[in-house]
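The values are calculated or read from the model by the stated rules, or taken from the named source; none is laboratory data. This one's a predicted model, so the numbers in the text were calculated from it and none came from an experiment. For neighbour counting, all protein chains shown are included, and Cβ atoms are generated from backbone atoms with ideal geometry for every residue, glycine included. The area values use the complete protein model at the heavy-atom level, side chains included, leaving out ligands, DNA and RNA. Shrake-Rupley method; radii C 1.70, N 1.55, O 1.52, S 1.80 Å.
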Amino acid sequence: MAEIQLTFPDGAKKAFEQATSLLDVAKSISTSLAKKAIAGKLNGELVDLQQPILEDGAIEIITKDDEATDLMAIWNTAAFVLAATLDRAYPEMQFGEVHATEDGFFYDTENEAGQVAVTDLPDIKKAMSKLIQAGGAIERVSLDKAAAKALFAGQTYKLALLDEIEADQVLVYKLGDFADFGLAPMLAKVSDVKVFELLSVAGAYWQGKSSNKMLQRIYGTAYNKQADLDADLQRRQEAKERDHRVIGNQLDLFFVDPKVGAGLPYWLPNGATIRRSIERYIIDKEVANGYEHVYTPILANLDLYKQSGHWDHYREDMFPPMDMGDGEMLELRPMNCPSHIQVYKHHPRSYRELPIRLAELGMMHRYEKSGALSGLQRVREMTLNDGHTFVRPDQIQDEFKSILKLMIEVYSDFNINDYTFRLSYRDPANTEKYYADDEMWNKAQTMLKGAMDDLGLDYVEAEGEAAFYGPKLDVQTKTAMGNEETLSTIQLDFMLPERFELQYVGEDGEMHRPVMIHRGLVSTMERFTAYLTEIYKGAFPTWLAPTQAVIIPVKNELHYDYAKNVKDAMIKHGLRVRIDDRNEKMGYKIREAQTSKIPYTLVVGDQEVADATVSVRKYGEENAAEEASDMFVDAIVAEVRNYSRDGKDHKTINL
């Protein structure tokens, strides 16, 4: 049999027979290594120990003792054990999609006799533990499509998934009489799943399409060590406490009504107040930095998006066009940039006018699959804090620097300090997603990288994350669940000015092509509010809080008039304050103010009326302090004006 050459992490090389497995390689090194091995890597790709190696390559054996164990094989195997257990407990159960994600695993199931409930999870976990303790080996077999379909006969969803596989052979894993596929890589035996937890159940449309049947999705996670599982469960509990959907319900910020439509949130008065405060702040900040705000339609002729390239490159994320019956096709806009281009083109432009900075809180609509929708973070209707600058080529560096400086000032005002920079490039092999112009892409990416290098800023580079029309700087942060998401962007664009034939009269009297810079300071109002809700844990700083103070009279008949005078004095300064004059006990009212996370609770009784003071209790603090009412009003006004800064150091970057 032919030989292959394998390279180990230390650089050593050794010859093996072709089709040898990683487990065989581990055994050739030592019996103890083979016992500890749970998976491996072949040329950097995670594979299971039974993977036959057909060509020369670099290998790495992963053991259960490794601190940085890749969890994908563990999660795949735990999902496999879950399915095997369910198959025994519910013989009529249908199995759908299964995935190991960046945060654990899930399995979609259907059982006409009754879906799995969250109360069933402890019993299912016990049955899984028994199966794991039995220690059966997992067999890895390759079947042709016909044999695989025969094996999964009667499994409607599995047969549908098999039809989607283009390869002639299907990799199947077996444990006794149970079989599954779509789970590579896997551990060699079920007993290698050391600790695990079933987390929750939820409904999930088959393949994420709302037109399909609703299945039951079971979530879980698994680790090598109990300490790692405990840490993960603690993190999940913290994330649950920060979940903007939970807090949004508790504080009455927003809701989504399925009668109206998924992904279409209603902003309740409290949430609307937060959003309005953000919008006013952003508009004032942008105007002070030379931006001109505009309003443009949320509908446009489909031809506009064909010219911009959105129809070719972004069609799957756009809603279907509306036929107006006279040949005109209107489209709900997925982006604001073509609209701002029309504003630029409305007048002849001179080099003296540039840079021209246009901004808008622009409403957009994007088609998101029902399974991807989540509170305010993933919606179908959104309002983007959008801006477009039209510059001469010689102004790119300074304008990029100016935008980045403004962006960081905004972060400081919102006390956002945990973020990183990512340069997002195109994937040159993906000709469907990206506009085909190598010269344009190379020029734009070089200029973007050069600007960041000149500023001396740290960044990572990511191929395949660019917009279809140009590279971008993404500011990355993390949600409460620890998922990375893009908070802000700056994008260089040479393509759209070319496609729309944008021009300005240069100093030489000739026509020249401007460069377009797209930027969003704080993403959409929906996503940014969700993000703030989670990082603040619902305890919004005073300047953003829906209600900034609540005044509680000890006795309405004796102290209400004084409470109203204090309230009126605060309202004159634009503060958001109310009086709690309900016929409830004082302790109840104070606790409710704390539960509602109102920044300040003011109690007024005989002493406060006599001394013109207020008893001030700050959110999160146990004790109250007496302050002169006028001094308190001055202090809270200053706090709001200063964006509720707490005196801590804010992340700054010298540009």
Restricted to the range 490-505 and to residues being in a strand (DSSP E or B) and touching a residue at least 40 places away in the same chain (Cβ under 8 Å), the residue nearest to residue 282 (Cα to Cα) is 490
Going through the range 182-194 in order, the residues found to be open to solvent by less than 50 Å² (accessible area, probe 1.4 Å), of a type in the set (A, V, I, L, M, F, W, C) and either over 17 Å from residue 39 (Cβ atoms) or assigned to a loop (DSSP other than H, G, I, E, B) (or both) are 183, 186, 187, 188, 193
Pairs returned, first residue in the range 305-322 that is touching a residue at least 24 places away in the same chain (Cβ under 8 Å) and of a type in the set (Phe, Trp, Tyr), second residue that is assigned to a loop (DSSP other than H, G, I, E, B) and surrounded by 13 or more Cβ atoms within 10 Å (Cβ to Cβ), beta-carbon separation under 7 angstrom, 6 or more apart or interchain, are 314/334; 314/468; 319/367
If you go through 179, 148, 137, the only one that is of a type outside the set (Asp, Glu) and surrounded by fewer than 17 Cβ atoms within 10 Å (Cβ to Cβ) is 137
Cβ pairs under 7 Å, 6+ apart or interchain, first in the range 151-170 and open to solvent by 50 Å² or more (accessible area, probe 1.4 Å) and assigned to a loop (DSSP other than H, G, I, E, B), second of a type outside the set (A, V, I, L, M) and modelled with pLDDT of 90 or more, ordered by first then second residue, are 168/144; 168/145
The residue that is nearest to residue 296 (Cα to Cα), considering only those in the range 316-332 that are surrounded by 13 or more Cβ atoms within 10 Å (Cβ to Cβ) and either of a type in the set (Lys, Arg) or out of contact with any Leu (no Cβ under 7 Å at 6 or more places or on another chain) (or both), is 318
Of the residues in the range 507-521 that are outside any strand (DSSP E or B) and open to solvent by 10 Å² or more (accessible area, probe 1.4 Å), the one that is nearest to residue 409 (Cα to Cα) is 513
Log entry, pairs with first residue in the range 255-283 being farther than 14 Å from residue 533 by Cβ and modelled with pLDDT under 95, second being hydrophobic (A, V, I, L, M, F, W, C) and open to solvent by 20 Å² or more (accessible area, probe 1.4 Å), beta carbons closer than 6 Å, six or more apart or on different chains, reads 262/373; 263/373
Filter the range 245-282 for residues that are touching a strand residue (DSSP E or B) at 6+ places or on another chain (Cβ under 8 Å) and closer than 12 Å to residue 525 by Cα; the one that is surrounded by the fewest Cβ atoms within 10 Å (Cβ to Cβ) is 279
Of (1) in contact with a Pro (Cβ under 8 Å, 6 or more places away or on another chain); (2) open to solvent by 70 Å² or more (accessible area, probe 1.4 Å), residue 230 satisfies every one except (1)
Selection from the range 184-199 of residues modelled with pLDDT of 85 or more and under 12 Å from residue 99 (Cα atoms) yields 185
Flagged in the range 523-555 as under 14 Å from residue 376 (Cα atoms) and either among the β-branched types (Val, Ile, Thr) or part of a strand (DSSP E or B) (or both), in numbering order, are 523, 524, 529, 533
Yes or no: residue 517 within 22 Å of the chain's Cα centre (by Cα), more than 30 Å from residue 269 (Cβ to Cβ) and β-branched (Val, Ile, Thr)? no
The residue from 359, 300 that alone is of a type in the set (Gly, Ala, Ser), over 17 Å from residue 399 (Cβ atoms) and not in a loop (DSSP other than H, G, I, E, B) is 300
Considering residues that are free of Cβ contacts under 8 Å to residues at least 40 places away in the same chain and closer than 20 Å to residue 299 by Cβ, the number found within the range 339-357 is 1
Over the range 620-632, the set of residues closer than 11 Å to residue 602 by Cα and either touching an Asp or Glu at 6+ places or on another chain (Cβ under 9 Å) or not charged (D, E, K, R) (or both) is 624, 625, 626, 629, 632
Quiz item: Within the range 206-224, is there a residue that is of a type in the set (S, T, N, Q), free of Cβ contacts under 8 Å to residues at least 60 places away in the same chain and open to solvent by less than 60 Å² (accessible area, probe 1.4 Å)?
Solution: yes
Selection from the range 329-349 of residues part of a loop (DSSP other than H, G, I, E, B) and touching a helix residue (DSSP H, G or I) at 6+ places or on another chain (Cβ under 8 Å) yields 333, 334, 335
With the condition kept exactly as written, say whether any residue in the range 453-465 is in a helix (DSSP H, G or I), in contact with a helix residue (DSSP H, G or I) (Cβ under 8 Å, 6 or more places away or on another chain) and exposed (fewer than 14 other Cβ atoms within 10 Å of the Cβ).
yes
